[in-house]
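For reference, the structure discussed in these notes is given below.
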Amino acid sequence: MVTMRTLPYGSWPSPIGAGAVARHDGAPSWPASMGEEVWWTEPRPQEDGRVTLCRTRLDSAPGRAETVLPAPWNVRSRVHEYGGRPYVLLPGDNGPVVVFSEYGDQRLYRYEPGRARHPHEPAPGPVALPGALTPAPERPSAVRYVEPVAAPGGREVWCVRELHTGPAPTDVERAIVAVPLDGSAAEDPEAVRVVVADHHFLACPRISPDGARLAWIGWDHPDMPWDSTRLRVCELGADGGASSPRTVAGGAGEAVVQAEWADTDTLLCVTDPGGWWNPHRITFDADGGTRRAPVRLVEREEEFGGPLWQLGASWFLPLRDGRIAAVHGRAANALGVLDPDSGEITDVATPHSEWPGKLALGGAAGDSIIGVAASPHIAAEVVAVPVAGGAWQSLSRPRGTEAAEDPYADHLPNPEARVFSGTGGREVHANVYPPHHPDVAGPADEAPPYVVFVHGGPTSRTPMVHDLEIAYFTNRGIGVAEVNYGGSTGHGRAYRERLRENWGVVDVEDCVAVARALVSEGLAAPERLAIRGGSAGGWTTAAALAFTDVFRCGTIQYPILDLVGWRTGETHDFESQYLESLVGPWPEVRERYETRSPVNHAEAITAPFVLLQGLEDEICPPVQCERLLERLGGRGPAHAYLTFPGEQHGFRQEATIVAALHAEMSLYAQVFGFETDAPPLELRR
């Protein structure tokens with residue numbers, strides 16, 4: 001029997017150090033398959049934050065994954081700055097050929113590594129390095145590519161191209177283009193052929209199985225892709241030229257977020273005319289003429305899709321037997337198999353409780369569903385699930401498939417999905433992670449400190465999954481509450497649109513409501529509440545410190561602080577008019593922009609804070625932080641400002657993640673009065 005020790009909250013000894021958090025930061029993503037080979041991307045914080053390609057075989061033992069691309073290759077697109085699916089697999093003479101976007105110059109490259117080995121085969125000899133397929137831009141990273149797909153004839157890949165034409169962030173043109181696989185375009189920009197130039201924003205290029213049609217999703221400013229998009233289809237000629245584009249789904253107040261061809265005359269899509277992202281079917285006449293209106297395949301108050309922050313997400317995939325693999329749910333996402341005729345869904349039997357929109361089909365006969373999955377006690381991993389039923393297998397986890405093999409398993413928190421009552425009685429969803437340690441408890445007469453985590457977006461969602469960053473706090477005796485405030489996805493359009501023209505109001509109110517509810521329930525100490533967030537979450541954190549007195553300190557990461565500056569040129573094209581819906585029409589309600597901006601209320605911020613910023617951030621640039629500090633003018637509360645060269649929007653490098661966590665923990669220790677193993681951080685006025 002273990003004897004529990006009693007120690008002050010925040011000071012519990014923990015094996016989960018900041019270095020462990022950093023090394024485990026990020027998750028595998030973008031699975032793809034060709035025959036028995038399964039590929040995916042994987043972040044490497046310890047290798048300057050690069051993203052590499054990994055692969056294994058379905059007939060290999062767990063943990064046999066190999067790294068395909070050595071450092072410094074970095075498989076990551078910068079389209080919209082958030083990127084998306086950066087590669088595609090094509091058939092080659094000796095296994096799959098990969099075409100990928102390299103982060104350093106944003107060119108497309110072709111690489112043929114040879115067939116993946118069986119477990120007992122010897123290592124292959126050296127292979128050629130990747131070769132460029134697209135020309136070097138005149139300005140660094142001025143031409144970007146994302147969502148490559150195989151084109152008819154096997155001589156091209158088609159993808160979305162983003163062309164930066166001028167000095168302003170909004171000087172951008174986009175098109176679906178054809179890139180020859182023979183490398184001829186590497187020195188000849190004219191060899192890259194424009195297939196479709198349509199809406200300002202383009203996503204999801206999908207070619208029908210017979211090569212006769214192309215489908216894609218488009219939208220224009222000021223809409224965001226969760227507001228209003230259109231699903232477009234055109235005919236393709238023998239020369240690959242496009243003609244007769246028309247809209248087949250979507251429109252004002254409706255957002256199509258994914259489309260896939262089930263066969264030559266059937267297009268499936270996820271759209272939300274009823275307020276929930278549900279699957280629909282569109283059929284075309286055999287002669288390519290009249291199409292039939294979209295038919296909803298299942299009507300549920302659940303989401304079968306999500307926001308297009310990154311291009312290339314796949315929440316559903318048609319199976320070869322006519323059924324559909326589909327991610328669906330509300331507070332959590334399950335993976336199920338949908339019968340489109342009956343509308344019945346059978347969920348797969350795995351221990352995972354969260355499946356982001358990252359699906360692929362694997363096996364020579366397409367008999368396995370490949371996806372990324374996680375749970376509160378299973379870190380995100382690439383898994384394979386047989387379509388016909390049977391045992392699932394982990395493809396990416398270097399250990400086994402049992403959570404007990406996780407060295408931190410006993411130290412992970414046990415979260416609970418909660419629904420709180422917010423302003424006016426509205427529902428507020430949150431994931432609550434109480435402090436947890438197998439051998440230590442806090443004083444019986446005290447409530448623990450709590451940190452409210454605010455996700456970015458703000459049109460996003462925080463899933464309840466294995467997260468060592470959260471465990472870093474809970475295992476030391478600090479509770480965490482992740483708030484999916486009004487405006488978050490996962491709960492239908494009405495919940496998502498609570499934030500319309502109310503950013504800085506609803507999000508702050510909901511975070512305050514959760515914090516106060518935890519205090520009223522005796523779960524959190526009122527004098528030891530903190531708030532933290534990055535990007536849009538940094539905005540909400542700063543606004544909560546400026547406009548409420550609930551939180552005693554805060555951690556503000558790569559934030560938006562000045563709405564006027566952000567609306568008038570201090571961000572990238574993708575979100576340059578996002579505030580039209582979040583705040584209101586510009587410049588008609590300029591006063592609202594000014595009134596809500598924390599930068600204009602610097603004197604109201606009295607709680608200590610830490611400000612963390614990447615110096616290469618194109619989305620929330622350092623000037624926003626610098627403006628706030630200038631307004632404080634040495635009169636503000638104790639604070640620290642840490643900047644990180646080489647970091648963009650979000651932190652990817654191991655050293656940065658460690659420094660940021662240490663700074664945050666030191667802040668809480670100083671404000672809440674406990675000892676910590678984090679190095680001391682100097683707070684200045």
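The values are calculated or read from the model by the stated rules, or taken from the named source; none is laboratory data. In this text, all values refer to a predicted model and were calculated from it rather than measured experimentally. Cβ atoms come from the backbone with ideal geometry, glycine included; neighbour counts cover every protein chain shown.
Quick notes on this structure:
- When the strands (runs of 3 or more DSSP E) confined to region 149-244 are screened for residues that are out of contact with any Gly (no Cβ under 6 Å at 6 or more places or on another chain), β-branched (Val, Ile, Thr) and assigned by TED's automatic domain parsing to the domain that holds Leu90, those reaching at least 3 such residues are found at 172-180, 193-196.
- Put simply, of Ala660, Ala669 the only residue that is surrounded by 17 or more Cβ atoms within 10 Å (Cβ to Cβ) and touching a Ser or Thr at 6+ places or on another chain (Cβ under 7 Å) is Ala669.
- No other residue among Val564, Val505 is more than 21 Å from the chain's Cα centre (by Cα), more than 21 Å from His429 (Cα to Cα) and surrounded by fewer than 20 Cβ atoms within 10 Å (Cβ to Cβ) apart from Val564.
- Single match in Gly456, Gly425, Gly390, Gly442 (criterion: assigned by TED's automatic domain parsing to the domain that holds Glu664 and free of Cβ contacts under 8 Å to residues at least 12 places away in the same chain): Gly425
- Within region 139-162, being loosely packed, with under 15 Cβ neighbours inside 10 Å and either of a type in the set (A, V, I, L, M, F, W, C) or more than 20 Å from Glu616 (Cβ to Cβ) (or both) holds for Gly153, Gly154, Arg155.
- Candidate set: region 66-84, residues that are touching a Gly at 6+ places or on another chain (Cβ under 8 Å) and surrounded by 14 or more Cβ atoms within 10 Å (Cβ to Cβ); chosen: the one farthest from Gly457 (Cα to Cα): Asn74
Per-residue answers, yes or no, for (1) in contact (Cβ under 8 Å) with a residue 24 or more places away in the chain; (2) within 14 Å of Ser101 (Cα to Cα):
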residue: Arg144; (1), (2): yes, yes
residue: Pro148; (1), (2): yes, yes
residue: Cys159; (1), (2): yes, yes
residue: Leu163; (1), (2): no, no
residue: Glu173; (1), (2): yes, no
residue: Ala178; (1), (2): yes, no
residue: Ser184; (1), (2): no, no
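- Being in contact (Cβ under 8 Å) with a residue 24 or more places away in the chain, in contact with a strand residue (DSSP E or B) (Cβ under 8 Å, 6 or more places away or on another chain) and part of a strand (DSSP E or B) holds for only one residue in Trp276, Trp261, and it is Trp261.
One line per residue, one yes/no per condition, for (1) part of a loop (DSSP other than H, G, I, E, B); (2) at pLDDT 95 or above; (3) among the hydrophobic types (A, V, I, L, M, F, W, C):
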| residue | (1), (2), (3) |
| --- | --- |
| Leu561 | yes, yes, yes |
| Glu580 | no, yes, no |
| His601 | no, yes, no |
| Ile619 | yes, yes, yes |
| Arg627 | no, yes, no |
| Gly634 | yes, no, no |
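- Whichever residue in region 429-448 is closer than 17 Å to Leu529 by Cβ and among the aliphatic types (A, V, I, L, M) and, among such residues, is surrounded by the most Cβ atoms within 10 Å (Cβ to Cβ): Ala430
- Selection status of Ala481, within 30 Å of His352 (Cβ to Cβ) and assigned to a helix (DSSP H, G or I): no
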